[in-house]
Amino acid sequence: MNGGASERVFAFLTGYGVPEWIASAVWMLLMAIAVIVFVLLTVLILVWLERKISADMQSRVGPNRTGGRFGLLQTMADALKLLMKEDLVPRGADRAVFILAPFLVFVPALLVFLVVPFSDKWMVKDLNLGVLFVIAVSAFPVIGLIMAGWGSNNKYAVLGAMRAVAQLMSYEIPLVLAMVCVVVAAGSLKVGDIVAAQVDGGWFVTRFPLQLAFLVYMIAAMAEVNRVPFDLPEAESELVAGYFVEYSGMRFALFFLAEFAHLFFVSAFATTLFLGAWAGPGLPPVVWFLAKTYAVIIVIMWIRWTVPRLRIDQIMSFAWKLLVPASLLAVALTGAAVVYGKL
Amino acid sequence: MLQSSVRTEQVTLNMGPQHPSTHGVLRLELVLDGEVVVDARPVIGYLHRGVEKIGEARTYPQFLPYTDRIDYLSAASNNGAYVQAVEKLMGVEVPDRAKYLRVIALELNRIASHLVFIATFANDLAATTVFLYAIRERELIMDLFEMWVGARLTQSTFRIGGVTEDIPEEFLPKAREFCALLPKRLEEYDRLLTGNRIFEARTRGVGILPPEVAWDYACSGPTLRGSGVSFDVRRAEPYEAYDQVDFEVVTHPACDCLGRYLVRMGEMRESVRIIAQCVDRLPQGEVRAKVGRVVKPPAGEAYGRVESPRGEFGCYVVSDGGTSPVRVRLRAPSFFHLAALPQMLRGWKMGDVVAILGSIDIVLGEVDR
Amino acid sequence: MMELLQKELGEALQACEQVGKELRIRVTPQQLVPVTRLCKQHGYTYPCDITAVDMRTELVLVYRLIAPDSGEQVVVKVGAPRSGARIPTVSGVYGAAEWLEREVYDLFGVRFEGHPDLRRILLTDDWEGHPLLK
C-alpha cells in the first residue's frame with residue numbers, strides 16, 4: 001500500500017546490481033528512520049500542544065519564550081536538557097534490568113506505527129494480521145514497566161509498577177474487545193480492509209452498534225496511556241511519578257516519549273477503526289487523517305485537565321464491573337448485527 | 001491451597017518530609033499491608049522555629065509580626081488570638097471601627113486560606129485546573145491587603161489596641177466587587193468538583209472522623225464541623241464584632257472528606273456575607289486605642305481564642321508586669337488534627353491517604369511553631 | 001462547678017478562683033487524673049490545651065478544659081519541680097493529651113508517668129536539654 005514506492009526503490013537498487021536482500025534491508029531501514037523521525041516530531045508537537053491547551057484552560061499562557069511568541073521550540077529545549085543530564089543508575093538497582101526497561105517500553109510504541117494508514121498510499125506495511133499485530137505488540141510495554149519498577153530498587157517504583165500493570169492488563173480486555181467489534185464488522189484483520197469498508201459504507205462510528213465499541217475503546221485507551229482520570233500509576237501527587245521515579249535524563253526521556261507516542265497511536269488507531277481514517281472530501285487524505293487524529297487527541301487532553309483522578313481500586317472495579325461487560329455487550333450486538341445483515 | 005502458601009509482609013513506607021502532597025514538611029510513616037494502611041505515625045518538628053521561646057525575648061508589640069508567620073495562610077487569625085490575650089490582660093477597649101476592620105481582615109483571610117485548601121485538595125486529586133482557578137481568586141484578596149497594609153501574606157494588620165492603619169478609599173469599593181464576584185466563582189468550583197462523580201468517589205465516605213474521637217482529640221474548625229458538630233469560637237465566645245453580624249455556622253453530618261470540603265465551601269459563602277455586612281456598616285472613628293509606646297500589661301494571665309480557618313487558634317499569655325511576656329503559648333488547631341490523623345487513616349487505602357490528609361487542611365507552620 | 005470541685009476535693013484544692021469564664025484551680029499531681037476525669041464527666045469534654053510555664057521557682061503545668069456547650073473553662077494548674085518532675089499522665093482521659101504531654105516533655109523535661117509513648121516530638125531525637133526552661 002505504498003503507492004508502489006517500495007517497488008520503485010527496490011527496482012532502482014536491484015537495477016544497480018544490489019543483491020535483493022540488501023535492497024529489502026535498505027527499504028526497511030528507510031521506513032524505520034521515517035517512522036522514528038515522524039514519531040519524534042509528533043511527540044514534540046504533542047507536548048507543546050498539551051502545554052498550550054492546559055494553559056489556556058487554566059487562565060495561563062503556556063510556553064511563550066523559546067522559539068518565538070508561541071514557544072514552539074520549548075519541547076526541543078526540554079529534550080536537549082534531558083539528553084545533557086547525568087546518567088544515573090541508582091545504587092542497589094539491578095543494572096541490566098534498569099537499563100533495558102525503557103527500551104522495552106519505547107520500541108513497541110514505535111513498532112505499532114507499521115500498520116497505521118496515514119493516507120491511501122502511505123502505510124508502511126498492510127499486514128494481513130494488522131489488528132492482531134497491534135494487540136500483540138501492545139503487550140510488551142507491560143514487561144518493560146515491571147522491569148522499570150523492580151530494577152529501580154525503590155518501594156515507590158515497585159508500587160507504581162504493580163498498579164500500572166494491574167491497570168494495563170485490566171483495560172487491555174475491553175480495548176481488544178472493542179477492536180474485535182470493528183474486525184467483525186469489517187470482516188478482516190487487515191487495516192486496509194477496515195479502512196476500505198468505511199470508505200464505501202461510512203465511518204464505523206456512525207453505524208449502530210459500534211458507537212458503544214467506540215466509547216469503550218476511548219475509555220480503555222485513556223487507561224492504556226495512563227492519562228487522567230486513570231493516571232494513578234504515575235500520579236505526581238501521590239507516588240511522585242511512580243514506576244519511573246528513579247529515571248533521569250535520557251532514560252526518562254524515553255519513557256516520556258513512549259507515553260506520548262502511545263497517545264498518538266491510540267488516537268490514530270481510533271481514527272482508523274472508527275472515524276474512517278483518511279477518508280474525507282476535498283482535502284488530501286493525509287490532512288484528513290491528521291485532523292481527525294488530532295481532534296481525538298485534543299478531546300483526551302481536554303478530559304485530562306478537567307477531571308480528578310480515580311483511586312486504583314476504583315479504576316479496577318470500573319474496568320471489570322462496567323467496561324468488560326459493556327465491551328462484551330458490544331461484541332454480541334455487533335455479531336448479531338452482522339449476522340442479520342444490518343451492518 | 002495457594003492462598004496459605006503465599007506469604008505477604010507489611011511494608012513501612014515513608015511519605016515525606018519532601019513530598020508534593022504533604023502540605024509542608026511533614027513525615028508520615030505508613031505501615032502498609034498491600035494497599036491498606038495498617039498504621040500511620042506522623043513525625044513533626046521539621047518546621048520548628050522556637051517561636052514560643054522567641055516570644056519570651058521580645059516586647060509585646062515586637063512579637064506581633066512573629067504571630068503572622070505561624071499559620072502563614074491566615075495571618076490575621078494568629079494576630080487576633082495574641083492581641084486578644086494581651087488586650088484582656090491590659091483591659092484595653094478597642095474602638096468599634098477597629099473591631100469591624102479586624103473582622104474584615106479575619107474573614108478575608110478565611111476565604112484566602114480556604115481557597116488554598118480548595119486549590120491543594122483539587123491538585124492532590126489531579127483536578128489541576130481548579131488549583132489555578134482558586135489561586136487566581138486568592139490573588140484578588142492579596143491585592144486588597146496590599147492596598148490596605150502593603151503586605152500580601154504576612155499582613156500584620158492587627159496592633160495592640162486596634163489595627164495598623166485605616167483603609168484607603170479604594171478599599172471598600174474593591175471589597176464590594178470581590179464579594180460580588182466570589183460566589184459566582186464558587187459555583188464554578190461546584191460544577192468542577194462538588195458535582196463531579198470522580199471527586200465524589202474519592203471523598204464520599206472516606207476518612208471517617210466520628211464526633212467522639214474529634215472531641216477527644218480537641219479537634220475544631222471545619223474538621224470538627226464536618227462531623228456534624230456545631231462548634232465555632234465566633235459563637236461560643238464572640239470576639240471583635242462577631243456578635244453584631246449575621247452568619248450561619250456551617251456543618252455537615254457525614255464525617256468524611258466530602259463533608260469537610262463542603263463545610264469549607266459553605267464557610268466561604270458565609271464569609272462573603274460577613275464581609276459585605278461589615279463593609280456596609282463600618283462605623284466611623286479611631287482605628288486604634290491609645291495604648292502607649294511601652295506596653296507593660298499587669299501581672300497575670302489571659303487566653304485569647306479565635307476561630308481560624310483551621311479551628312480554634314488560642315494564645316495563652318503569662319505576664320509578670322514587665323515589657324516581655326513570661327510565656328507565650330500558641331495553641332494551634334493543626335497540631336490536634338494531626339494527632340487525630342492516624343485514627344482517620346487506619347483501614348483506608350494508600351490512595352486515600354492524600355485525600356484524607358488534604359481534607360484536614362493542616363499547616364506545618366502552626367503544628368511545629 | 002466550683003462547688004462540685006470544692007466538695008470533692010476539700011482540703012486538696014489549693015486554690016480556686018473564677019476569672020471571667022475561667023475557673024482557675026490548683027491541685028496536687030496526685031489529684032490530676034481524678035479531677036480531669038470529673039471535669040470530663042461534667043461536660044468539660046474539650047481538652048483545649050496542656051502546657052507548662054516556667055515561673056523560675058517552679059514549673060506550673062496548665063490544663064485548659066472547656067465545656068463546648070456553655071463555653072465555661074476549667075484551668076487546672078499543677079506545680080512541679082524544675083528538674084526531675086514526674087506527673088501522672090491524663091492520656092487515659094483525653095486522647096489529645098498524648099501529643100500535648102510529649103511536647104511538654106520535649107520542651108520542659110517533665111516526665112509523664114504512664115504515658116504510652118513519651119519521646120520528643122518537635123526537636124530531634126538526640127537533642128540535649130529542654131529549651132523552654134529559663
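Structure above, values below:
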| quantity | calculated |
| --- | --- |
| Residues located in the stretch C:69-79, provided they are surrounded by 21 or more Cβ atoms within 10 Å (Cβ to Cβ) and more than 14 Å from chain B (Cβ to nearest Cβ) | C:Val78 |
| Count of the stretch A:1-19 residues which are more than 22 Å from A:Val191 (Cα to Cα) and either touching a helix residue (DSSP H, G or I) at 6+ places or on another chain (Cβ under 6 Å) or not in a helix (DSSP H, G or I) (or both) | 8 |
| Selection status of B:Ala340, modelled with pLDDT of 90 or more and either out of contact with any Gly (no Cβ under 6 Å at 6 or more places or on another chain) or within 14 Å of chain A (Cβ to nearest Cβ) (or both) | yes |
| Top-ranked residue of the stretch B:198-215 - restricted to ones that are free of Cβ contacts under 8 Å to residues at least 24 places away in the same chain and farther than 19 Å from B:Val354 by Cβ, ranked as surrounded by the fewest Cβ atoms within 10 Å (Cβ to Cβ) | B:Glu212 |
| Index of the failed condition, B:Thr251 passing every other in (1) in a helix (DSSP H, G or I); (2) surrounded by fewer than 24 Cβ atoms within 10 Å (Cβ to Cβ); (3) modelled with pLDDT of 90 or more | (1) |
| Looking only at the stretch A:283-317, and only at residues there that are outside any helix (DSSP H, G or I) and surrounded by fewer than 19 Cβ atoms within 10 Å (Cβ to Cβ), the one that is farthest from the other protein chains (Cβ to nearest Cβ) | A:Pro284 |
| Residue tally, condition in contact (Cβ under 8 Å) with a residue 60 or more places away in the chain and not basic (Lys, Arg), over the stretch A:188-214 | 17 |
| Matching entry among A:Arg51, A:Arg60 (being within 14 Å of chain B (Cβ to nearest Cβ), within 30 Å of A:Phe103 (Cα to Cα) and at pLDDT 80 or above) | A:Arg51 |
| A:Gly71 vs. criteria outside any helix (DSSP H, G or I), away from chain B (no Cβ under 14 Å) and in contact (Cβ under 8 Å) with a residue 24 or more places away in the chain | no |
| Residue identified as part of a loop (DSSP other than H, G, I, E, B) and within 14 Å of another protein chain (Cβ to nearest Cβ) among C:Thr36, C:Thr57, C:Thr51 | C:Thr57 |
| Sole residue being more than 14 Å from chain C (Cβ to nearest Cβ) and modelled with pLDDT under 90, chosen from B:Val272, B:Val287 | B:Val287 |
| Verdict on A:Met162 being surrounded by fewer than 21 Cβ atoms within 10 Å (Cβ to Cβ) and within 14 Å of chain B (Cβ to nearest Cβ) | yes |
| Filter pass, B:Glu187 being of a type in the set (D, E, K, R) and closer than 23 Å to B:Leu258 by Cα | yes |
| Condition met for B:Val363 (closer than 20 Å to C:Tyr63 by Cα and either away from chain A (no Cβ under 14 Å) or surrounded by 24 or more Cβ atoms within 10 Å (Cβ to Cβ) (or both)) | no |
| Filtered residue count, the stretch B:32-49, keeping only those that are without any contact (Cβ under 8 Å) to a residue 40 or more places away in the chain and under 21 Å from B:Phe336 (Cα atoms) | 1 |
| When residues of the stretch B:197-226 are limited to those that are within 13 Å of chain C (Cβ to nearest Cβ) and assigned to a loop (DSSP other than H, G, I, E, B), the one nearest to C:Asp49 (Cα to Cα) | B:Ala218 |
| Residue check for B:Tyr46: of a type in the set (Phe, Trp, Tyr), in contact with an Asp or Glu (Cβ under 9 Å, 6 or more places away or on another chain) and under 30 Å from B:Val245 (Cα atoms) | no |
| The stretch B:43-61 - residue that is more than 9 Å from chain C (Cβ to nearest Cβ) and buried (at least 21 other Cβ atoms within 10 Å of the Cβ) and, of those, nearest to the chain's Cα centre (by Cα) | B:Gly55 |
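The values are calculated or read from the model by the stated rules, or taken from the named source; none is laboratory data. All of these numbers come straight from a predicted model, not from anything done at the bench. Cβ: placed from backbone, ideal geometry, glycine included. Neighbour counts: every protein chain shown.
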